[in-house]
2 protein chains.
Amino acid sequence: MKNEILFNLTYGMYAIGVKDEKKASACIVNTVAQVCNDPNMVAVSLNHNNYSHECIVKNGLFTVSVLSEDTSGAVIGALGFNSGRDIDKLSNVRHKILAEGVPVLKENICCWFLCRVVNSVETPTHTIFIAEICAGSDEAKGKPMTYDYYHKVIKGKAPKNAPTYQPEPTNDDLDGDSWVCTVCGYVYNDPDVPFEDLPEDWVCPICGAPKSAFIRK
Amino acid sequence: MKNEILFNLTYGMYAIGVKDEKKASACIVNTVAQVCNDPNMVAVSLNHNNYSHECIVKNGLFTVSVLSEDTSGAVIGALGFNSGRDIDKLSNVRHKILAEGVPVLKENICCWFLCRVVNSVETPTHTIFIAEICAGSDEAKGKPMTYDYYHKVIKGKAPKNAPTYQPEPTNDDLDGDSWVCTVCGYVYNDPDVPFEDLPEDWVCPICGAPKSAFIRK
(Lines give C-alpha, C1' and ligand atoms only; values in the text may rest on other atoms or scores of the structure.)
Protein backbone atom coordinates (compact mmCIF):
# COMPACT_ATOMS: atom_id res chain seq x y z
CA MET A 1 0.00 0.00 0.00
CA LYS A 2 1.10 3.56 -0.74
CA ASN A 3 0.58 6.09 2.07
CA GLU A 4 -0.60 8.60 -0.54
CA ILE A 5 -3.93 6.79 -0.90
CA LEU A 6 -4.84 8.24 2.50
CA PHE A 7 -4.97 11.67 0.83
CA ASN A 8 -8.28 10.45 -0.61
CA LEU A 9 -10.02 10.77 2.75
CA THR A 10 -12.15 13.92 2.85
CA TYR A 11 -11.91 16.52 5.62
CA GLY A 12 -12.91 20.08 6.40
CA MET A 13 -10.84 22.88 7.93
CA TYR A 14 -11.58 24.04 11.45
CA ALA A 15 -10.15 26.36 14.10
CA ILE A 16 -10.28 24.87 17.60
CA GLY A 17 -10.58 27.60 20.25
CA VAL A 18 -9.16 26.91 23.73
CA LYS A 19 -8.15 28.74 26.91
CA ASP A 20 -5.57 28.36 29.66
CA GLU A 21 -5.35 30.28 32.95
CA LYS A 22 -4.09 33.43 31.27
CA LYS A 23 -5.29 33.65 27.70
CA ALA A 24 -7.32 32.27 24.82
CA SER A 25 -5.65 30.46 21.93
CA ALA A 26 -6.60 28.42 18.85
CA CYS A 27 -5.20 25.87 16.43
CA ILE A 28 -6.18 24.43 13.06
CA VAL A 29 -7.42 20.85 12.63
CA ASN A 30 -8.99 18.89 9.80
CA THR A 31 -10.52 16.04 11.80
CA VAL A 32 -13.88 17.09 13.25
CA ALA A 33 -16.76 14.65 12.75
CA GLN A 34 -20.21 14.32 14.21
CA VAL A 35 -20.39 10.98 16.03
CA CYS A 36 -23.82 11.13 17.68
CA ASN A 37 -27.00 13.12 16.99
CA ASP A 38 -28.86 12.49 20.23
CA PRO A 39 -27.33 14.49 21.81
CA ASN A 40 -25.18 16.20 19.16
CA MET A 41 -21.58 15.13 19.73
CA VAL A 42 -18.35 15.50 17.76
CA ALA A 43 -14.96 13.79 17.78
CA VAL A 44 -11.82 15.91 17.38
CA SER A 45 -8.28 14.54 17.05
CA LEU A 46 -5.34 16.53 18.50
CA ASN A 47 -1.61 15.76 18.71
CA HIS A 48 -0.28 15.15 22.23
CA ASN A 49 2.37 17.85 21.72
CA ASN A 50 -0.11 20.56 20.80
CA TYR A 51 -0.62 23.36 23.28
CA SER A 52 -4.36 23.19 22.53
CA HIS A 53 -4.33 19.52 23.60
CA GLU A 54 -2.93 20.59 26.99
CA CYS A 55 -5.63 23.26 27.36
CA ILE A 56 -8.49 20.89 26.49
CA VAL A 57 -7.21 18.26 28.94
CA LYS A 58 -7.16 20.95 31.67
CA ASN A 59 -10.49 22.65 30.95
CA GLY A 60 -12.57 20.13 29.03
CA LEU A 61 -13.87 22.93 26.84
CA PHE A 62 -13.27 24.04 23.25
CA THR A 63 -14.96 25.72 20.32
CA VAL A 64 -15.07 24.71 16.67
CA SER A 65 -15.07 27.50 14.05
CA VAL A 66 -15.88 26.05 10.62
CA LEU A 67 -13.59 27.84 8.14
CA SER A 68 -15.06 28.92 4.81
CA GLU A 69 -13.41 29.23 1.41
CA ASP A 70 -13.24 32.96 2.15
CA THR A 71 -11.14 32.49 5.30
CA SER A 72 -7.65 33.67 4.32
CA GLY A 73 -4.68 31.31 4.26
CA ALA A 74 -2.88 33.75 6.57
CA VAL A 75 -5.36 32.95 9.36
CA ILE A 76 -4.61 29.26 8.90
CA GLY A 77 -0.89 30.02 8.93
CA ALA A 78 -1.08 32.14 12.09
CA LEU A 79 -3.03 29.48 13.99
CA GLY A 80 -1.64 26.35 12.34
CA PHE A 81 2.11 26.86 12.13
CA ASN A 82 2.95 28.44 15.49
CA SER A 83 2.55 27.28 19.06
CA GLY A 84 0.30 29.01 21.60
CA ARG A 85 3.05 28.27 24.13
CA ASP A 86 5.31 30.78 22.43
CA ILE A 87 3.09 33.53 21.12
CA ASP A 88 -0.38 35.05 21.31
CA LYS A 89 -1.67 33.39 18.14
CA LEU A 90 -4.90 35.37 18.16
CA SER A 91 -3.24 38.81 18.21
CA ASN A 92 -3.78 39.38 14.48
CA VAL A 93 -6.88 37.23 14.04
CA ARG A 94 -10.37 38.73 14.46
CA HIS A 95 -12.23 36.80 17.14
CA LYS A 96 -14.57 37.10 20.10
CA ILE A 97 -14.26 35.48 23.51
CA LEU A 98 -17.36 33.61 24.70
CA ALA A 99 -18.59 33.91 28.30
CA GLU A 100 -16.85 30.55 28.93
CA GLY A 101 -13.46 32.16 28.09
CA VAL A 102 -12.88 30.29 24.81
CA PRO A 103 -12.55 32.14 21.49
CA VAL A 104 -14.44 31.81 18.21
CA LEU A 105 -13.12 33.32 14.99
CA LYS A 106 -14.73 36.20 13.10
CA GLU A 107 -12.67 35.64 9.93
CA ASN A 108 -15.34 34.74 7.36
CA ILE A 109 -16.17 31.48 9.10
CA CYS A 110 -19.32 29.50 8.19
CA CYS A 111 -20.46 28.92 11.76
CA TRP A 112 -19.18 27.98 15.21
CA PHE A 113 -20.15 25.79 18.15
CA LEU A 114 -19.05 25.24 21.75
CA CYS A 115 -18.16 21.75 22.98
CA ARG A 116 -17.75 20.13 26.39
CA VAL A 117 -15.55 17.00 26.53
CA VAL A 118 -17.35 13.90 27.81
CA ASN A 119 -14.84 11.19 26.87
CA SER A 120 -11.54 10.61 25.11
CA VAL A 121 -9.48 7.81 23.58
CA GLU A 122 -5.76 7.61 22.90
CA THR A 123 -3.70 6.73 19.83
CA PRO A 124 0.12 6.66 19.93
CA THR A 125 0.36 10.30 18.80
CA HIS A 126 -3.10 11.83 19.12
CA THR A 127 -6.00 12.03 21.56
CA ILE A 128 -9.51 11.82 20.17
CA PHE A 129 -11.75 14.01 22.30
CA ILE A 130 -15.47 13.15 22.29
CA ALA A 131 -17.49 16.22 23.15
CA GLU A 132 -21.10 17.29 23.44
CA ILE A 133 -22.14 20.41 21.55
CA CYS A 134 -23.70 22.79 24.07
CA ALA A 135 -24.16 26.00 22.05
CA GLY A 136 -23.51 27.38 18.61
CA SER A 137 -24.32 30.01 16.01
CA ASP A 138 -27.87 30.46 14.77
CA GLU A 139 -26.95 30.48 11.12
CA ALA A 140 -24.30 29.32 8.71
CA LYS A 141 -22.99 31.26 5.73
CA GLY A 142 -20.45 30.79 2.97
CA LYS A 143 -19.04 27.54 1.62
CA PRO A 144 -17.09 25.31 4.03
CA MET A 145 -13.41 25.05 3.17
CA THR A 146 -12.39 21.46 2.51
CA TYR A 147 -8.90 20.14 3.22
CA ASP A 148 -8.65 19.44 -0.51
CA TYR A 149 -9.44 23.10 -1.31
CA TYR A 150 -6.79 24.19 1.21
CA HIS A 151 -4.19 22.01 -0.52
CA LYS A 152 -5.15 22.64 -4.14
CA VAL A 153 -6.40 26.23 -4.20
CA ILE A 154 -4.67 27.88 -1.24
CA LYS A 155 -1.69 25.53 -1.75
CA GLY A 156 -1.38 25.01 1.99
CA LYS A 157 0.52 22.16 3.66
CA ALA A 158 -0.07 19.98 6.72
CA PRO A 159 2.08 20.75 9.78
CA LYS A 160 4.02 17.83 11.23
CA ASN A 161 1.58 17.44 14.14
CA ALA A 162 -1.41 16.81 11.86
CA PRO A 163 -2.76 13.25 11.92
CA THR A 164 -2.77 13.36 8.13
CA TYR A 165 0.83 14.59 7.78
CA GLN A 166 2.92 12.56 5.35
CA PRO A 167 6.50 13.44 4.33
CA GLU A 168 6.63 15.06 0.88
CA PRO A 169 6.90 12.11 -1.53
CA THR A 170 9.26 13.67 -4.07
CA ASN A 171 10.45 17.03 -5.30
CA ASP A 172 9.50 16.22 -8.87
CA ASP A 173 7.08 19.11 -9.02
CA LEU A 174 9.76 21.58 -8.02
CA ASP A 175 11.89 23.10 -10.73
CA GLY A 176 14.94 25.28 -10.10
CA ASP A 177 12.76 28.36 -9.62
CA SER A 178 10.71 26.99 -6.74
CA TRP A 179 11.17 28.44 -3.27
CA VAL A 180 9.93 26.60 -0.20
CA CYS A 181 8.95 28.12 3.14
CA THR A 182 11.00 26.40 5.84
CA VAL A 183 8.28 27.15 8.40
CA CYS A 184 5.17 25.74 6.76
CA GLY A 185 6.34 24.09 3.53
CA TYR A 186 4.43 26.44 1.21
CA VAL A 187 5.94 26.33 -2.29
CA TYR A 188 6.25 29.61 -4.19
CA ASN A 189 6.51 29.08 -7.92
CA ASP A 190 4.52 31.80 -9.62
CA PRO A 191 5.86 31.78 -13.21
CA ASP A 192 5.00 35.48 -13.68
CA VAL A 193 6.89 36.91 -10.71
CA PRO A 194 10.30 35.38 -9.87
CA PHE A 195 10.82 34.96 -6.14
CA GLU A 196 13.78 37.36 -6.23
CA ASP A 197 11.52 40.14 -7.53
CA LEU A 198 9.07 39.96 -4.62
CA PRO A 199 9.27 43.03 -2.34
CA GLU A 200 11.42 42.65 0.78
CA ASP A 201 8.39 42.95 3.08
CA TRP A 202 6.56 40.13 1.28
CA VAL A 203 5.57 37.33 3.67
CA CYS A 204 4.52 33.72 3.24
CA PRO A 205 0.77 33.76 2.46
CA ILE A 206 0.24 30.70 4.64
CA CYS A 207 2.28 31.23 7.80
CA GLY A 208 3.44 34.84 7.59
CA ALA A 209 7.15 33.90 7.66
CA PRO A 210 9.48 36.54 6.09
CA LYS A 211 11.07 36.15 2.66
CA SER A 212 14.32 35.11 4.38
CA ALA A 213 12.65 31.93 5.68
CA PHE A 214 12.42 30.59 2.10
CA ILE A 215 15.02 28.33 0.52
CA ARG A 216 15.45 27.41 -3.13
CA LYS A 217 14.63 23.84 -4.08
CA MET B 1 -28.08 27.18 17.85
CA LYS B 2 -29.68 25.64 14.77
CA ASN B 3 -28.90 21.96 14.15
CA GLU B 4 -28.54 22.77 10.45
CA ILE B 5 -25.16 24.45 11.08
CA LEU B 6 -23.76 20.93 11.56
CA PHE B 7 -24.34 20.34 7.84
CA ASN B 8 -21.25 22.56 7.40
CA LEU B 9 -18.94 19.81 8.63
CA THR B 10 -17.16 18.15 5.71
CA TYR B 11 -17.12 14.37 5.16
CA GLY B 12 -16.35 11.83 2.49
CA MET B 13 -18.36 8.76 1.46
CA TYR B 14 -17.06 5.30 2.32
CA ALA B 15 -18.17 1.67 2.15
CA ILE B 16 -17.20 -0.31 5.26
CA GLY B 17 -16.67 -4.00 4.42
CA VAL B 18 -17.30 -6.58 7.17
CA LYS B 19 -17.86 -10.31 7.62
CA ASP B 20 -19.76 -12.60 9.95
CA GLU B 21 -19.56 -16.39 10.25
CA LYS B 22 -21.42 -16.95 7.00
CA LYS B 23 -20.98 -14.06 4.63
CA ALA B 24 -19.43 -10.73 3.78
CA SER B 25 -21.44 -7.51 3.98
CA ALA B 26 -20.92 -3.76 3.76
CA CYS B 27 -22.48 -0.46 4.80
CA ILE B 28 -22.05 3.21 3.93
CA VAL B 29 -20.56 5.74 6.37
CA ASN B 30 -19.38 9.32 6.11
CA THR B 31 -17.20 9.49 9.21
CA VAL B 32 -13.76 8.05 8.48
CA ALA B 33 -10.79 10.14 9.62
CA GLN B 34 -7.09 9.50 10.01
CA VAL B 35 -6.22 9.96 13.68
CA CYS B 36 -2.55 8.90 13.79
CA ASN B 37 0.20 8.65 11.16
CA ASP B 38 2.72 6.56 13.09
CA PRO B 39 1.33 3.97 12.62
CA ASN B 40 -1.46 4.93 10.21
CA MET B 41 -4.76 4.71 12.10
CA VAL B 42 -8.33 5.75 11.38
CA ALA B 43 -11.45 6.37 13.43
CA VAL B 44 -14.82 5.16 12.11
CA SER B 45 -18.20 5.84 13.75
CA LEU B 46 -20.98 3.22 13.49
CA ASN B 47 -24.48 3.09 14.97
CA HIS B 48 -25.04 0.45 17.67
CA ASN B 49 -28.00 -0.94 15.72
CA ASN B 50 -26.04 -1.51 12.51
CA TYR B 51 -25.34 -5.08 11.48
CA SER B 52 -21.82 -3.97 10.49
CA HIS B 53 -21.27 -2.74 14.05
CA GLU B 54 -22.07 -6.25 15.32
CA CYS B 55 -19.64 -7.81 12.81
CA ILE B 56 -16.79 -5.45 13.71
CA VAL B 57 -17.28 -6.06 17.44
CA LYS B 58 -17.07 -9.82 16.76
CA ASN B 59 -14.15 -9.87 14.31
CA GLY B 60 -12.24 -6.65 14.91
CA LEU B 61 -11.69 -6.33 11.19
CA PHE B 62 -13.09 -4.12 8.43
CA THR B 63 -12.19 -2.52 5.12
CA VAL B 64 -12.71 1.03 3.92
CA SER B 65 -13.50 1.57 0.21
CA VAL B 66 -13.24 5.27 -0.63
CA LEU B 67 -16.16 6.04 -2.99
CA SER B 68 -15.49 8.27 -5.98
CA GLU B 69 -17.79 10.71 -7.77
CA ASP B 70 -18.20 7.94 -10.36
CA THR B 71 -19.58 5.43 -7.84
CA SER B 72 -23.30 5.22 -8.64
CA GLY B 73 -25.96 6.31 -6.19
CA ALA B 74 -27.52 2.85 -6.56
CA VAL B 75 -24.46 1.29 -4.86
CA ILE B 76 -24.91 3.68 -1.96
CA GLY B 77 -28.60 2.83 -1.84
CA ALA B 78 -28.00 -0.93 -1.87
CA LEU B 79 -25.46 -0.74 0.96
CA GLY B 80 -26.84 2.24 2.87
CA PHE B 81 -30.58 1.71 3.06
CA ASN B 82 -30.89 -2.01 3.78
CA SER B 83 -29.68 -4.20 6.61
CA GLY B 84 -27.15 -7.02 6.15
CA ARG B 85 -29.26 -8.94 8.70
CA ASP B 86 -32.07 -9.24 6.17
CA ILE B 87 -30.44 -9.52 2.76
CA ASP B 88 -27.18 -10.17 0.95
CA LYS B 89 -26.37 -6.51 0.31
CA LEU B 90 -23.43 -7.33 -1.92
CA SER B 91 -25.38 -9.51 -4.37
CA ASN B 92 -25.66 -6.74 -6.97
CA VAL B 93 -22.49 -4.83 -6.09
CA ARG B 94 -19.16 -5.67 -7.78
CA HIS B 95 -16.61 -6.55 -5.10
CA LYS B 96 -13.78 -8.89 -4.18
CA ILE B 97 -13.24 -10.78 -0.93
CA LEU B 98 -9.80 -10.34 0.64
CA ALA B 99 -7.92 -13.31 2.13
CA GLU B 100 -9.15 -12.09 5.53
CA GLY B 101 -12.77 -12.66 4.43
CA VAL B 102 -13.80 -9.01 4.27
CA PRO B 103 -14.96 -7.39 1.02
CA VAL B 104 -13.73 -4.34 -0.88
CA LEU B 105 -15.82 -2.73 -3.62
CA LYS B 106 -14.93 -2.66 -7.30
CA GLU B 107 -17.49 0.02 -8.17
CA ASN B 108 -15.31 2.89 -9.39
CA ILE B 109 -13.82 3.44 -5.94
CA CYS B 110 -10.73 5.65 -5.44
CA CYS B 111 -8.84 3.18 -3.24
CA TRP B 112 -9.34 0.79 -0.33
CA PHE B 113 -7.57 -0.26 2.86
CA LEU B 114 -7.87 -2.98 5.49
CA CYS B 115 -8.14 -2.09 9.19
CA ARG B 116 -7.70 -3.97 12.45
CA VAL B 117 -9.49 -2.52 15.50
CA VAL B 118 -7.17 -1.59 18.38
CA ASN B 119 -9.52 0.45 20.55
CA SER B 120 -13.03 1.88 20.72
CA VAL B 121 -15.02 4.50 22.55
CA GLU B 122 -18.78 4.79 23.07
CA THR B 123 -21.29 7.56 22.51
CA PRO B 124 -25.00 7.15 23.40
CA THR B 125 -25.84 5.95 19.86
CA HIS B 126 -22.55 5.17 18.10
CA THR B 127 -19.27 3.37 18.70
CA ILE B 128 -16.09 5.01 17.42
CA PHE B 129 -13.72 2.24 16.35
CA ILE B 130 -10.01 3.13 16.32
CA ALA B 131 -8.18 0.87 13.90
CA GLU B 132 -4.72 0.40 12.48
CA ILE B 133 -4.39 0.26 8.70
CA CYS B 134 -2.61 -2.99 7.84
CA ALA B 135 -2.89 -3.13 4.03
CA GLY B 136 -4.36 -1.20 1.14
CA SER B 137 -4.35 -0.50 -2.58
CA ASP B 138 -1.20 0.64 -4.30
CA GLU B 139 -2.81 3.49 -6.13
CA ALA B 140 -5.75 5.84 -6.00
CA LYS B 141 -7.82 7.02 -8.94
CA GLY B 142 -10.78 9.29 -9.57
CA LYS B 143 -12.11 12.09 -7.40
CA PRO B 144 -13.28 11.19 -3.88
CA MET B 145 -17.01 11.66 -3.40
CA THR B 146 -17.78 14.14 -0.65
CA TYR B 147 -20.90 13.95 1.50
CA ASP B 148 -21.81 17.36 0.09
CA TYR B 149 -21.58 16.00 -3.48
CA TYR B 150 -23.78 13.06 -2.47
CA HIS B 151 -26.44 15.44 -1.12
CA LYS B 152 -26.28 18.12 -3.79
CA VAL B 153 -25.44 16.27 -7.00
CA ILE B 154 -26.73 12.74 -6.40
CA LYS B 155 -29.49 14.17 -4.17
CA GLY B 156 -29.01 11.39 -1.64
CA LYS B 157 -30.26 11.44 1.94
CA ALA B 158 -28.85 10.26 5.27
CA PRO B 159 -30.40 7.10 6.74
CA LYS B 160 -31.73 7.40 10.32
CA ASN B 161 -28.73 5.52 11.76
CA ALA B 162 -26.19 8.06 10.41
CA PRO B 163 -24.50 10.17 13.09
CA THR B 164 -25.26 13.21 10.94
CA TYR B 165 -28.97 12.41 10.44
CA GLN B 166 -31.30 15.31 11.17
CA PRO B 167 -35.06 15.22 10.62
CA GLU B 168 -36.08 17.09 7.45
CA PRO B 169 -36.49 20.70 8.59
CA THR B 170 -39.50 21.64 6.46
CA ASN B 171 -41.37 20.60 3.37
CA ASP B 172 -41.12 24.08 1.89
CA ASP B 173 -39.09 22.86 -1.06
CA LEU B 174 -41.74 20.32 -2.00
CA ASP B 175 -44.53 21.40 -4.29
CA GLY B 176 -47.58 19.29 -5.13
CA ASP B 177 -45.64 17.42 -7.80
CA SER B 178 -42.90 16.05 -5.54
CA TRP B 179 -42.79 12.35 -4.80
CA VAL B 180 -40.75 11.02 -1.88
CA CYS B 181 -39.25 7.55 -1.53
CA THR B 182 -40.53 6.05 1.72
CA VAL B 183 -37.41 3.86 1.95
CA CYS B 184 -34.57 6.37 1.62
CA GLY B 185 -36.20 9.81 1.47
CA TYR B 186 -35.09 10.61 -2.08
CA VAL B 187 -37.27 13.35 -3.57
CA TYR B 188 -38.29 13.03 -7.21
CA ASN B 189 -39.27 16.38 -8.71
CA ASP B 190 -37.95 16.45 -12.25
CA PRO B 191 -39.99 19.26 -13.89
CA ASP B 192 -39.61 17.66 -17.35
CA VAL B 193 -41.00 14.20 -16.57
CA PRO B 194 -43.99 13.96 -14.21
CA PHE B 195 -43.68 11.08 -11.75
CA GLU B 196 -46.82 9.49 -13.19
CA ASP B 197 -45.15 9.26 -16.61
CA LEU B 198 -42.15 7.24 -15.40
CA PRO B 199 -42.17 3.63 -16.67
CA GLU B 200 -43.59 1.05 -14.27
CA ASP B 201 -40.20 -0.67 -13.87
CA TRP B 202 -38.51 2.60 -12.87
CA VAL B 203 -36.77 2.32 -9.47
CA CYS B 204 -35.47 4.82 -6.95
CA PRO B 205 -31.96 5.88 -8.12
CA ILE B 206 -30.70 5.85 -4.56
CA CYS B 207 -32.10 2.74 -2.90
CA GLY B 208 -33.64 0.76 -5.77
CA ALA B 209 -37.14 0.79 -4.24
CA PRO B 210 -39.98 0.34 -6.78
CA LYS B 211 -42.22 3.18 -7.97
CA SER B 212 -44.92 1.99 -5.56
CA ALA B 213 -42.72 2.88 -2.58
CA PHE B 214 -43.10 6.60 -3.43
CA ILE B 215 -45.72 8.85 -1.91
CA ARG B 216 -46.80 12.31 -3.04
CA LYS B 217 -45.82 15.20 -0.76
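The values are calculated or read from the model by the stated rules, or taken from the named source; none is laboratory data. Bear in mind that the values here come from a model prediction, so they are computed numbers and not experimental data. Counting neighbours? That spans all protein chains shown, and the Cβs are built from the backbone with ideal geometry, glycine included. Note: accessible area is taken over every heavy atom of the protein model, side chains too, but ligands, DNA and RNA are not part of it. Shrake-Rupley method; radii C 1.70, N 1.55, O 1.52, S 1.80 Å.
Provide the convex hull volume over Cα atoms per residue for the range A:115-156, in Å³.
102 Å³
Search the structure for amide H atoms under 5 Å from the amide H of B:Lys143, placed 1.01 Å from N in the peptide plane, and list their residues when 5 or more places away or on another chain.
Placed amide hydrogens put B:Glu69, B:Asp70 under 5 Å from B:Lys143.
Nearest 0.05, what FRET efficiency do A:Ser72 and B:Asp192 give at R0 = 45 Å with Cβ-Cβ as r?
Here the calculated transfer efficiency is 0.60.
Nearest the rotation axis from B to A, which residue of chain B has its beta carbon, and at what whole-angstrom distance?
Here the nearest residue and distance are B:Val121, 2.
Return the residues of the range A:18-34 for which accessible area with all protein chains present is lower than in the chain on its own by 50 Å² or more; set the probe to 1.4 Å and exclude ligands, DNA and RNA.
Residues of the range A:18-34 that lose at least 50 Å² of accessible area once the other chains are added: A:Gln34.
Considering only protein heavy atoms and a probe of 1.4 Å, how much of the accessible area of the range A:1-98 is carbon and sulfur, as a whole percent?
It is 45 percent, rounded to a whole number.
Between A:Glu200 and B:Val118, with labels modelled 7 Å along Cα→Cβ, what's the label distance in nm to one decimal, could you check?
Placing both labels 7 Å along Cα→Cβ, they lie 5.1 nm apart.
Which residue fluctuates the most in chain B, going by a Gaussian network model with Cα springs under 10 Å, if the choices are B:Ala140, B:Ala24, B:Ala99?
Its mean-square fluctuation being the largest, the pick is B:Ala99.
When Cβ neighbours within 10 Å are restricted to other protein chains, what is their mean count per residue of peptide B:143-153?
The per-residue average across the peptide is 2.
Taking a point 7 Å out from Cα toward Cβ as the label site, list the nm distances between A:Tyr165 and the same residue in every other copy, smallest first.
Relative to the other copies, A:Tyr165 has label-point distances of 3.9 nm.
Please report the spacing between the Cα centers of the range A:7-72 and the range B:51-76 in Å, no decimals.
Distance between centres, Cα-based: 27 Å.
Got the A:Glu200 label distances to the other copies yet, label 7 Å along Cα→Cβ, in nm, shortest first?
When each copy's label point is compared with this one, the spacings are 8.5 nm.
Every other copy gets compared here: list the nm distances from the B:Val57 label point (7 Å along Cα to Cβ) to its counterparts, shortest first, one decimal.
3.1
Using protein heavy atoms only (no ligands, DNA or RNA), what is the total accessible area buried between B and A, 1.4 Å probe, nearest 100 Å²?
The contact between A and B buries close to 4100 Å².
Using the eigenvalues of the Cα gyration tensor, what equivalent ellipsoid semi-axes result for the protein assembly as shown when each is taken as the square root of five times the eigenvalue, whole Å, largest first?
37, 24, 23
Can you work out the Karplus-derived ³J(HN,Hα) for every residue in the range B:8-18? Use 6.51 cos²θ - 1.76 cosθ + 1.60 with θ = phi - 60°, whole Hz, and x for glycine or proline.
8, 6, 9, 9, x, 10, 9, 9, 9, x, 9
Do any of B:Lys96/B:Lys152; B:Lys157/B:Lys211; A:Lys2/B:Lys58 go past 21 Å between their Cα atoms, and which?
As for pairs spanning more than 21 Å Cα to Cα, those are B:Lys96/B:Lys152; A:Lys2/B:Lys58.
Using R₀ = 22 Å, calculate the FRET efficiency as 1/(1 + (r/R₀)^6) where r is the Cβ-Cβ separation of A:Ser91 and B:Glu4; round to 0.05.
According to the calculation, E is roughly 0.10.
Which whole-Hz ³J(HN,Hα) couplings does the range B:212-217 yield from phi under the Karplus relation 6.51 cos²θ - 1.76 cosθ + 1.60, θ = phi - 60°, glycine and proline marked x?
Calculated HN-Hα couplings, in order: 5, 7, 8, 10, 6, 10 Hz.
Per residue, how much accessible area does the protein assembly as shown show when a 1.4 Å probe rolls over the protein heavy atoms, in square angstrom?
Value returned for the protein assembly as shown: 45 Å² of accessible area per residue.
Can you list the residues, at least 5 places off or on another chain, whose amide H is less than 5 Å from the amide H of A:Tyr186, using H built in the peptide plane?
For A:Tyr186, the qualifying residues are A:Cys181.
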